[in-house]
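Novice: This is the structure I have questions about; it appears just below.
The values are calculated or read from the model by the stated rules, or taken from the named source; none is laboratory data. Computed from a predicted structure; not experimentally measured. Cβ atoms come from the backbone with ideal geometry, glycine included; neighbour counts cover every protein chain shown. Ligands, DNA and RNA are stripped out before the accessible areas are found, and what is left, the full protein with its side chains, is counted by its heavy atoms. Shrake-Rupley method; radii C 1.70, N 1.55, O 1.52, S 1.80 Å.
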Amino acid sequence: MVSAGAVRTHMVKRGKTSPAKRDDARVFLLLTLFRGLDWIDEGLGNILAYHGWPRVTRPQSLIMALIYAGESRPVEIARRLGMSRQAVHRVLGDMVAAKLIVLRDDPTDKRAKRVEFAPGTDRIRADARAALNELDRQVSRMIGEDTVVRLHDAFGAKLGPPYDPAKRRR
């Protein structure tokens with residue numbers, strides 16, 4: 001049996017590169033998707049700054065996207081972002097201080113809070129929505145509108161719950 005190292009050595013000698021030598025964005029889908037998220041998030045920040053809004057951090061912009069999508073419980077926001085509840089509460093505190101959001105008592109759980117956009121944020125939210133639409137148009141110009149539609153389809157509702165090998169069918 002030939003070792004993986006011998007195969008990599010042989011591939012390099014023949015002028016081919018191993019996956020580890022290729023552009024990182026092509027090694028794993030995760031890195032490609034992260035690169036796209038980074039491009040969109042940076043573009044969003046650039047557009048909002050161009051229109052005079054202060055820059056927000058990546059966690060803040062992702063939290064605002066989750067609130068826009070209907071998520072209002074800090075514990076669920078933490079779970080969806082893979083952050084600790086303490087870290088999310090620190091970010092939420094910064095966002096309250098910046099008057100981007102408010103925390104209200106949860107009517108269904110007196111121990112919990114709900115996150116809402118703060119009064120007076122209609123303009124920045126409209127500008128962010130317009131910025132995201134512009135970024136979608138830019139991506140469509142670069143990779144084609146049909147590809148963008150397929151990305152939405154592939155990573156939208158059709159994807160289903162996260163893969164779990166313990167739950168797969170045998």
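Novice: Can you pull out every residue in region 129-170 that is open to solvent by less than 70 Å² (accessible area, probe 1.4 Å) and in a loop (DSSP other than H, G, I, E, B)?
Specialist: Answer for region 129-170, where residues must be open to solvent by less than 70 Å² (accessible area, probe 1.4 Å) and in a loop (DSSP other than H, G, I, E, B): Gly144, Gly156, Gly160, Asp164.
Novice: Could you pull out every one of the helices (runs of 4 or more DSSP H) wholly within region 45-128 that has 3 or more residues that are of a type in the set (D, E, K, R) and open to solvent by 90 Å² or more (accessible area, probe 1.4 Å)? Give the derivation first.
Specialist: Numbers: elements: 58-68, 74-81, 85-97.
By residue number, 85-97.
Novice: List the pairs whose first member sits in region 30-44 and is among the β-branched types (Val, Ile, Thr), whose second member is open to solvent by less than 60 Å² (accessible area, probe 1.4 Å), and whose Cβ atoms are under 9 Å apart, counting only residues at least 6 apart or on separate chains?
Specialist: Hits for this filter: Thr32/Ala25; Ile40/Leu135; Ile40/Val139.
Novice: Take His10 and tell me if it is open to solvent by 80 Å² or more (accessible area, probe 1.4 Å) and at pLDDT 95 or above.
Specialist: Answer is no for this residue.
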